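J.: The structure is given below, and queries will be raised subsequently.
What follows is calculated from the coordinates using simple rules that are stated; it is not laboratory data. Here the structure is a predicted model, which is why all the values come from computation and not from measurement. Don't worry about glycine lacking a Cβ; one is built from the backbone with ideal geometry, like all the others, and counts go over all protein chains shown.
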Amino acid sequence: MSRLAAGVVLVTACEPSLDADDPHAPVGEDVGMTATAFLSVSLDPPLVLVSLREGSRMDDLLAEQPLWGVSVLAESQRHIAGRFAMKGRISDRLLFEDIPYTRGAASGAPMIGGALATLECRTEQTVTAGDHTLVIGRVLSADLPSADGGPLTYFKGKYRQLG
Ligand SMILES: Cc1cc2nc3c(=O)[nH]c(=O)nc-3n(C[C@H](O)[C@H](O)[C@H](O)COP(=O)(O)O)c2cc1C
């Protein structure tokens, strides 16, 4: 599979508020995860899929947070992919600190500035598949933050640029 060239995305979500009954309760921390196992599934309705390692922080978070975001990373955003792929992280708070992002209106998830495209999704279905969870999401909104720049890709264990 390392020979299958892939685009790189950042999946993001915001931890739900600790008190679901109180609309003013502070929401939790933002979490991000670098992923290549992301694809479009259906046009009507618009569905996408991301495959999450069981027990990863994002897998645990999406089990309780149905709203999430996807930022399709540009070739200049390799550093973002690198930091959100580090294993054993306890908190992502500092990782977002120097990255420009907006908060998705539909999901509350961080949408990365300068990404080639961003999507907001709501989980429709999850499928346990071996040691991963396939999370199928309905696309709630789509934006194109950056008009130029090529995609960040991953091939044979390295980040690459097209061309
Ligand atoms: C290029 C690249 C692609 C990745 N794609 C995925 C993926 O599609 N699904 C996944 O679960 N983890 C993927 N990972 C690994 C996660 O980014 C990494 O395990 C996670 O951020 C670390 O947090 P964790 O300790 O909770 O697993 C990928 C890592 C890299 C470097």
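J.: Determine the principal axes of the Cα atoms in the range 5-53, then give the extent along each, sorted from largest to smallest and rounded to whole angstroms.
T.: Between the extreme Cα coordinates on each principal axis of the range 5-53 lie 43, 26, 15 Å.
J.: Can you give the net charge of the other residues whose Cβ lies under 12 Å from the Cβ of ARG160, counting K and R as +1 and D and E as -1?
T.: Cβ neighbours under 12 Å give a net charge of +2.
J.: If you place +1 on the Cβ of every Lys and Arg and -1 on the Cβ of every Asp and Glu, how big does the dipole about the Cα centre of the range 49-146 come out, in debye to the nearest 20? It would help to have the intermediate numbers written out before the result.
T.: Values: 10 positive and 12 negative charges, 30 e Å.
Its charge dipole is roughly 140 debye.
J.: Using only the Cα atoms of the range 10-105, construct the convex hull and provide its projected area averaged over every direction, in square nanometres to one decimal.
T.: Result: a mean projected hull area of 7.5 nm².
J.: Next question. Which order, highest average first, do 63-69, 41-47 follow once you tally other Cβ atoms within 10 Å for each residue and take the mean per peptide?
T.: Per-residue Cβ counts within 10 Å, averaged per peptide and sorted highest first, yield 63-69, 41-47.
J.: Stick to the Cα atoms of the chain, pair each with every other, and give me the Kirkwood hydrodynamic radius in Å at one decimal. Let's see the in-between values first.
T.: Details: mean 1/r = 0.0623 Å⁻¹.
It is 16.0 Å.
J.: Using unit Cβ charges (K, R positive; D, E negative) and no other charged atoms, how large, in debye to the nearest 20, is the dipole of the range 1-112 about its Cα centre?
T.: 680
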